[in-house]
Amino acid sequence: MDKIQPSFRPGGKLAKLESVYDGMETFLFTPNATSRSGAHIHDGNDLKRTMITVVVALLPALLFGMYNIGYQHYLAIGQADASWFTMFLYGLLALLPVIVVSYAVGLGIEFIGAQIHHKEIQEGFLVTGILIPLIVPINTPLWMTAIATAFAVIFAKEVFGGTGMNIFNVALITRAFLFFAYPSRMSGDEAFVKMDSAFGMGDGSVIDTFTGATPLGQVATNVGDSLQMTNILGEPISCMDAFIGLIPGSPGETSMIAILLGAALLLITGIASWRIMCSVFVGGLAMSALVHVLPSATYPASMLDPWTQLCLGGFAFGAVFMATDPVTGARTNVGQYIYGFLIGVFAILIRVYNSGYPEGMMLAILLMNAFAPLIDHCVVSSNIKRRARRVATKE
Amino acid sequence: MATVRLKKGFDIHLLGAITDNTIVDAASPTSVAVVPDDFHGIIPRMEKKEGEHVAAGEPLYHDKNYEAIKVVSPVSGTVKEVRRGERRHIDAIIIAPDGDNDIVTHNIMGDAEQVLLQSGLWVMMRQRPYDVVPVPGIRPKNVFVTAFDSAPLAPDLDIVLGEKRQYIQKGTEVLSGMTDGRVYIGIRDGQDIVAPNAEVTTFVGPHPAGNTGVQAANTVPVNKGETVWTIDIVTLARIGELFTTGKVSHDTVVAVTGEMVQQPRYVKSIMGSDLESILKGKLTDANCSRIISGNVLTGSQVEMSQWLRSPYRHITVIPENNKPDEFMGWASINPKRFSIYRTFTTWLCGLKKPVSMDSRIKGGERAIVRTGEYDAMLPMDIYGEFLIKAIISGDIDKMEQLGIYEIAPEDFALAEFADTSKLELQRIVREGLDKLRAEMS
């Protein structure tokens, strides 16, 4: 690496790729820079490690998501007896293009941005790039994903100054963009179960009784006093099915088990705030218990019991991987309790009382992203007041 | 006697701790130097020229704004060189010792402030706000004395004190006469300090419990508009000695520590001694060592050809870069790659085992991403991260509101070590304090 370095420095032949070179070098080798001012020793942890740990925490959800894509597909084409490996391979082939598009578009923009500002390439997109395929419905055309990713990276992140400066969670902005720009492709029967073949694999015609709506989608359109969610074959599904995750949905969000594995890693390593994570669940439980007290056919989601509420849709995924984004969340300890609790409350509130949005988590987190600085401001103000009072009592 | 338990902070255990507490004599120095940068807040105006003779304790220079503040020579000898750097900034004043015992005797019957200013001990004290040499004529609200150093590999101040311990009472007496409030002494558990004029508080907890700023914040916090003095117990004893004998002793005990030192131990030397007299032949590999006068968190990087720096009691020598081009260090699962965070595997083997750490930053500078890192390293009622942001954005009102008057750069040293985003927090705090000071005067 050192040998080819000169051509990347200003004046060199490849000076336009300086940021890319630096990015690669610091990726491969720990920087040799030693401290010039202040502390002479530094902790081994850096942002690369932090971000990679989050990516590792997402792996269970990613792998299970791949399997579930295949599972749903083979169920839909009436070949439920396919081996688990076939299902996984199909899911892998189906999801891989989305991952590639997400990283290519996002990192491409980051590289260009870094070069324009002559800055080091930052790691923020490592996590965003894997989050996007996990929360975008599998049938979303790749060009839509590409446009949405580009929009989110440029307008939700780069214009604010890049990694660590954004106000809204970039991955969620991607999904919100898709959700509002192409609403017809984001819900209903067609969005969440991949029906055509992936790279020639899994050919077959969809069975007649197929209904591809997610449980929450079914709930939103439910009529009458009774509520029964079904899988894509029309068979009833229970809370346990949702917990394991073999139901239609965005690739990463269906399996509570896989998400909890990731949550465990995030909490053990201390990267995610347990305050936020726990209070989201507490807020969600409290609100769903409250709406469940008065179930009504007008708002069918109020008929779900609290536990099922939390197992369905993107609630758990959002609570573990999105709400805990330190950059867009509340930063003070007290603020984190409030922030998390309100996300839980709003997510259920939107789910139940706004039938236009069967999934409330995305909007709840984005809403609270906007309020996080205000919450912090109030918490810090109390510290400021305490300090001011100290002076006042003395006089 | 009150006890304060601090939970925040962290004790970094490095290789190269002193195991044998005997004190050996260093070789007598061939040159001794005073480095003006050690006394922040003073703009030097020379009183002695190159070639002139100075006695030990005789002023070398004074402050441009307050002529009474003197910085003195620690030895008797000849001013060999006034070494200047960029824009005629004085880097060091080098004295060739003549071996005489020519030492200034002070008239201690006069005004205590004048005696301290003239003796050169004044510049060993610091004031909050701004963490600078105290401004003469302002009576401090309180005086905070720390009796222990909690930094990594730090010397045991009881050993550095040695026989000067007998002057602690006198020193406390002098200082309590100079403040409207009290003299507060912070000790660690089990330390025995007798000072009837002072309020003694025990601090239990990890570094930075030994910082005067942390101790003050947990006893009587500094408010806007107040001035307090902060000093260490050794300087307090020197003040006591001055007001007992009329002389300032410039000898000091230095803890020579660190992984690259063959045999870490206490060495008796003189303030500002050249490092060769202390370190020559004592390092395992002088070529890839970083010599730090002070501790690894707040000390100054020095060369072998330079001198011992204030507070003249600690030298740490660590490897400069012992793993060049470490391949994919961020992916390491090696428990020896030290991190206090559980993203690495160090914690599985325990964080109390002594570790080797070199001077690499081990990452690029980033925006602040992770939450609560600074607060976990700062046992004060201060939102560190918000304060740092206020300083970076130059918001003076916010800095004041968030408590910048209570802090010194050293209080953020541990946070700088632990910072995932690798920001130079001590430099940021120093610049914030300087800016505020310029704005207020």
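The values are calculated or read from the model by the stated rules, or taken from the named source; none is laboratory data. Fair warning: this is a prediction, and the values are worked out from it, not measured in the lab. Positions of Cβ are backbone-derived with ideal geometry, glycine not excepted, and every protein chain shown enters the neighbour counts.
Tabulated values for the structure
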quantity	calculated
Unmet criterion (only one of (1) over 21 Å from the mean Cα position of the chain (by Cα); (2) at pLDDT 85 or above) for residue A:245	(1)
The range B:318-336: number of residues that are out of contact with any Lys or Arg (no Cβ under 9 Å at 6 or more places or on another chain), at the interface with chain A (Cβ under 7 Å from one of its Cβ atoms) and surrounded by 16 or more Cβ atoms within 10 Å (Cβ to Cβ)	0
Hits in the range B:422-441 (condition: more than 21 Å from the chain's Cα centre (by Cα) and either more than 13 Å from chain A (Cβ to nearest Cβ) or more than 25 Å from residue B:153 (Cα to Cα) (or both))	B:435, B:436, B:438, B:439, B:440, B:441
Answer residue from the range A:299-337, given it is away from chain B (no Cβ under 14 Å) and β-branched (Val, Ile, Thr) and is surrounded by the fewest Cβ atoms within 10 Å (Cβ to Cβ) among those	A:308
Hey, residue B:228 assigned by TED's automatic domain parsing to the domain that holds residue B:129, among the hydrophobic types (A, V, I, L, M, F, W, C) and either surrounded by fewer than 24 Cβ atoms within 10 Å (Cβ to Cβ) or within 18 Å of residue B:2 (Cα to Cα) (or both) or not	no
Flag for residue A:207 being crowded, with 21+ Cβ neighbours inside 10 Å, touching a residue at least 40 places away in the same chain (Cβ under 8 Å) and on the phi < 0 side of the Ramachandran plot	no
Yes/no for residue A:75 being within 29 Å of residue A:21 (Cα to Cα) and part of a helix (DSSP H, G or I)	no
Matching helices (runs of 4 or more DSSP H) fully within the range A:298-395 where at least 3 residues are farther than 20 Å from residue A:192 by Cβ and among the aromatic types (Phe, Trp, Tyr)	A:333-353
Residue pairs meeting the criteria (Cβ under 7 Å; at least 6 apart or on separate chains; first at the interface with chain B (Cβ under 9 Å from one of its Cβ atoms) and more than 17 Å from residue A:318 (Cα to Cα), in the range A:45-69; second among the polar types (S, T, N, Q) and assigned to a helix (DSSP H, G or I))	A:53/A:269
Residue in the range A:366-374 that is out of contact with any strand residue (DSSP E or B) (no Cβ under 8 Å at 6 or more places or on another chain), closer than 30 Å to residue B:345 by Cβ, at pLDDT 90 or above and within 14 Å of chain B (Cβ to nearest Cβ) present	no
Any chance residue B:162 is farther than 21 Å from residue B:133 by Cβ and either touching a residue at least 40 places away in the same chain (Cβ under 8 Å) or within 14 Å of the chain's Cα centre (by Cα) (or both)	yes
Conditions (1) more than 15 Å from the chain's Cα centre (by Cα); (2) surrounded by fewer than 22 Cβ atoms within 10 Å (Cβ to Cβ); (3) over 30 Å from residue B:227 (Cβ atoms); (4) within 14 Å of chain B (Cβ to nearest Cβ); number of the one not met by residue A:292	(4)
Residue within the range B:85-100 that is farther than 22 Å from residue B:307 by Cβ, hydrophobic (A, V, I, L, M, F, W, C) and in contact with a strand residue (DSSP E or B) (Cβ under 9 Å, 6 or more places away or on another chain) present	no
Out of A:308, A:332, A:230, sole residue that is touching a strand residue (DSSP E or B) at 6+ places or on another chain (Cβ under 7 Å) and either modelled with pLDDT under 90 or within 23 Å of residue A:372 (Cα to Cα) (or both)	A:230
The range A:139-181: number of residues that are crowded, with 21+ Cβ neighbours inside 10 Å, within 13 Å of chain B (Cβ to nearest Cβ) and either of a type in the set (Gly, Ala, Ser) or more than 30 Å from residue B:365 (Cα to Cα) (or both)	1
Residue within the range B:218-227 that is of a type in the set (A, V, I, L, M) and farther than 22 Å from residue B:412 by Cα present	no
Scan of the range B:163-218 for residues that are within 30 Å of residue B:376 (Cα to Cα) and among the aromatic types (Phe, Trp, Tyr), ordered by number	B:184, B:203
Every residue from the range B:84-116 that is in contact with a helix residue (DSSP H, G or I) (Cβ under 9 Å, 6 or more places away or on another chain) and closer than 16 Å to residue B:36 by Cα	B:89, B:90, B:91, B:92, B:93
Qualifying residue in the range B:52-69 (condition: touching a residue at least 60 places away in the same chain (Cβ under 8 Å) and of a type in the set (Val, Ile, Thr))	yes
Segments classed as helices (runs of 4 or more DSSP H), wholly inside the range B:130-223, with at least 3 members that are within 29 Å of residue B:391 (Cα to Cα)	B:212-217
Those residues of the range B:355-401 which are more than 10 Å from chain A (Cβ to nearest Cβ), outside any helix (DSSP H, G or I) and buried (at least 20 other Cβ atoms within 10 Å of the Cβ), in sequence order	B:377, B:378, B:379, B:380
Neighbours by Cβ (under 6 Å, 6+ apart or cross-chain): first from the range B:214-236, more than 10 Å from chain A (Cβ to nearest Cβ) and over 22 Å from residue B:168 (Cα atoms); second assigned to a helix (DSSP H, G or I) and not small (Gly, Ala, Ser)	B:217/B:406
Total residues in the range B:1-19, condition at pLDDT 90 or above and assigned to a loop (DSSP other than H, G, I, E, B)	13
